[in-house]
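Peer 1: Just dropping this structure here.
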Amino acid sequence: MPAQLDDVSRTVGLVLGRRRVTADQRLVEDLGAESADILNIMVTLEEEYAVRIDEAEMTNVATVRDLHQLLVKTTHGTTNSGPDSPRTA
């Protein structure tokens with residue numbers, strides 16, 4: 001099942017104990033997430049969608065929408081894959 005923006009917002013809200021989370025809210029500045037919260041959000045989404053989110057990619061995530069876009073990219077298999085990606089044997 002592809003990740004929906006509303007579902008990601010809801011998950012972020014549940015992890016952070018917030019009732020209403022919108023797509024353009026910033027995780028740290030607007031929602032008050034700390035590094036442990038962001039890790040918890042990442043692990044929760046990984047479990048929910050059965051994916052592995054690259055921690056290096058998380059450094060580019062500022063908003064809930066950014067997180068959703070990363071999750072969509074990850075669930076569609078474009079993270080660390082493609083013709084220009086290094087392959088490991």
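Peer 1: 5 Å is the cut-off here: which amide hydrogens, built 1.01 Å from N in the peptide plane, fall below it relative to THR63, excluding neighbours closer than 5 in sequence?
Peer 2: LEU27
Peer 1: With a 10 Å radius around each residue's Cβ, average the other Cβ atoms per peptide and rank 5-13, 54-62, highest first. Walk me through the intermediate numbers first.
Peer 2: On the way: 5-13: 18.3, 54-62: 13.0.
Ranked by mean Cβ neighbours within 10 Å, highest first: 5-13, 54-62.
Peer 1: Still on this model: Taking only the alpha-carbon atoms of segment 5-75, what semi-axes of the equivalent ellipsoid follow from 5 times the gyration tensor eigenvalues under a square root, in whole Å, largest first?
Peer 2: Details: eigenvalues 55, 31, 27 Å².
Taking √(5λ) for each eigenvalue gives 17, 12, 12 Å, largest first.
Bear in mind that the values in this text are calculations on the coordinates, not laboratory data. This is a predicted model, so every value here is computed, not measured. Cβ sites come from the backbone with ideal geometry, for glycine too, and all protein chains shown count toward neighbours.
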